[in-house]
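> Can you read through this structure? Questions will come right after.
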Amino acid sequence: MFIANQNFNRLPESYLFSDVARKIKDFREANPESKVIRMDIGDVSLPLPECVVEAMSRAAAEMGQSASFHGYGPEQGYHFLREAVAETDYRSRGIKGISADDIFISDGAKSDLANLGDIFGSGVRPAVVTPAYPVYIDSNVLAGRGGIPENGRWSGISFLPARPESAFLPPLPHRGVTADVIYLCYPNNPTGTVLSLDKLQKWVDYALANKSLIIYDSAYEAYISTPGIPHSIYEAEGADKCAIEVRSFSKTAGFTGVRCGYTVVPRSLEFTFIDGTKASLNRIWCRRQCTKFNGVGYVVQRAAEALYTPEGREAIRRNVAYYMDNAALLRSALLGIGADVVGGVDAPYVWFRPKSELDSWQLFDRLLHRAAISSTPGVGFGKEGDGWLRLTGFNTAALTSEACSRLSHINDIF
Ligand SMILES: *Cc1c(COP(=O)(O)O)cnc(C)c1O
């Protein structure tokens with residue numbers, strides 16, 4: 001008799017983004033004349049850079065000739081891309097220890113963030129800084145590590161709430177809190193906050209002292225503009241002994257539909273199995289990938305390689321500047337109406353709380369009904385996000401400035 005995975009039944013019925021989409025659809029149907037501006041979108045609006053499209057076309061043409069056809073490739077990714085990543089994103093930035101052997105090309109950050117759970121031993125307790133990108137918690141719940149849901153939390157997961165009083169900076173686990181594997185995301189989605197090297201070093205020191213593993217989601221690394229903010233966790237001393245870093249080409253180069261990213265699992269990352277024998281995480285992640293994954297398409301990897309040419313670097317710089325101009329407009333419009341605003345400086349997310357006692361969903365409704373602007377309710381990322389909304393810089397410049405003008409000129413939105 002087949003029985004379905006009960007954990008699917010434990011996850012909350014409605015998913016944040018589908019609730020938002022439904023409310024927008026209802027509003028549009030009731031108000032066909034009003035133009036809703038989507039400021040909730042986590043998808044990008046700029047198309048692929050020209051150099052990427054050219055690389056894809058060349059690679060597609062190669063695939064059509066027997067002399068240059070590519071079938072199954074290495075599960076870890078082609079050397080040309082792993083080497084470009086290691087050289088450009090690490091060695092040339094002064095991070096010495098990372099080489100092509102430590103890089104695993106993926107079909108995007110989200111799958112790897114979820115799949116990494118395959119290498120956790122049984123009994124490992126995850127710790128998540130909230131508000132959080134949902135996959136960290138949901139993938140652990142589906143894998144059976146959630147325990148019992150109680151009051152918006154899971155008994156099997158340690159919640160590390162980042163609160164408005166501390167500018168949404170993540171608190172180190174208190175004494176007595178177990179954090180065997182720690183998910184960190186900086187620059188942060190949804191709050192747009194960043195960690196200084198000092199603060200990041202404290203997390204690395206904590207992980208080393210407690211033999212914890214850090215999974216560092218740096219999907220927004222390219223958005224950092226403030227000098228001194230670390231772009232990689234490996235800028236912190238000892239991180240190559242306790243951290244896996246996950247990155248994506250989605251938000252910087254329009255790869256949300258192309259699907260490519262990479263995960264860094266340094267060969268120096270050594271933990272133990274339950275029987276006490278040594279476990280090289282690089283080796284077991286490689287084994288996991290070879291068992292369950294057949295690699296990313298050749299055409300896609302050539303497309304990603306193009307991002308490491310001078311034209312590719314320039315295209316990323318232009319994209320980031322475009323979205324960050326949007327974020328800056330949003331920030332100033334929101335500051336102009338007296339809201340508390342976080343983020344939008346080193347990340348494309350602007351996280352805000354207007355002067356109001358309303359909860360996130362009430363704020364969401366007001367913004368939609370009075371200004372026809374959609375947002376993402378902060379509470380959807382964790383309960384400390386209640387009373388806050390997230391706007392993104394990913395829409396077009398024209399629609400972002402229209403949204404800002406509505407924010408500034410419509411009275412009593414909140
Ligand atoms: C968008 C996003 C990702 C997912 O990226 P893909 O590579 O498209 O899967 C991962 N982490 C965070 C925090 C994101 O916002």
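The values are calculated or read from the model by the stated rules, or taken from the named source; none is laboratory data. These figures come from a predicted structure and were not determined experimentally. Cβ coordinates were reconstructed from backbone atoms using ideal geometry, including for glycine residues, and neighbour counts include every protein chain displayed.
> Which ones in the range 91-106 are within 18 Å of C260 (Cβ to Cβ) and surrounded by fewer than 23 Cβ atoms within 10 Å (Cβ to Cβ)?
A100
> Of the conditions (1) modelled with pLDDT of 95 or more; (2) surrounded by 15 or more Cβ atoms within 10 Å (Cβ to Cβ); (3) not β-branched (V, I, T), L16 clears all except one; give me its number.
(1)
> Can you name the helices (runs of 4 or more DSSP H) wholly within the range 1-67 that have at least 2 residues being in contact with a strand residue (DSSP E or B) (Cβ under 8 Å, 6 or more places away or on another chain) and at negative phi?
Once the helices (runs of 4 or more DSSP H) in the range 1-67 are filtered for at least 2 residues that are in contact with a strand residue (DSSP E or B) (Cβ under 8 Å, 6 or more places away or on another chain) and at negative phi, what remains is 16-30.
> A follow-up question, please. Residue under question is F104, and the condition is that it be within 20 Å of A315 (Cβ to Cβ) and of a type in the set (F, W, Y); does it hold?
Criteria not met by F104.
> Out of all the residues in the range 116-143, which are in a helix (DSSP H, G or I) and in contact with a Lys or Arg (Cβ under 7 Å, 6 or more places away or on another chain)?
Residues satisfying the conditions are D118, I119, V135, V141.
> Can you name the residue in the range 111-130 that is in contact with a Ser or Thr (Cβ under 6 Å, 6 or more places away or on another chain) and among the hydrophobic types (A, V, I, L, M, F, W, C) and is also nearest to the ligand (Cβ to nearest atom) among such residues?
A114
Conditions tested, residue by residue: (1) in contact with a His (Cβ under 6 Å, 6 or more places away or on another chain); (2) hydroxyl-bearing (S, T, Y); (3) assigned to a helix (DSSP H, G or I).
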site: F364; (1), (2), (3): no, no, yes
site: L391; (1), (2), (3): no, no, no
site: N395; (1), (2), (3): no, no, no
site: A403; (1), (2), (3): no, no, yes
site: S408; (1), (2), (3): no, yes, yes
site: F414; (1), (2), (3): no, no, no
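> Mind listing whichever residues of the range 199-249 are away from the ligand (no atom under 16 Å from the Cβ), touching a residue at least 24 places away in the same chain (Cβ under 8 Å) and hydrophobic (A, V, I, L, M, F, W, C)?
L200, W203, V204, A207, L208, L213, I229, A236, A239, C242
> Right, another one. So, in the range 250-267, of the ones that are part of a strand (DSSP E or B) and either near the ligand (Cβ under 10 Å from one of its atoms) or charged (D, E, K, R) (or both), which residue ends up surrounded by the most Cβ atoms within 10 Å (Cβ to Cβ)?
Y262
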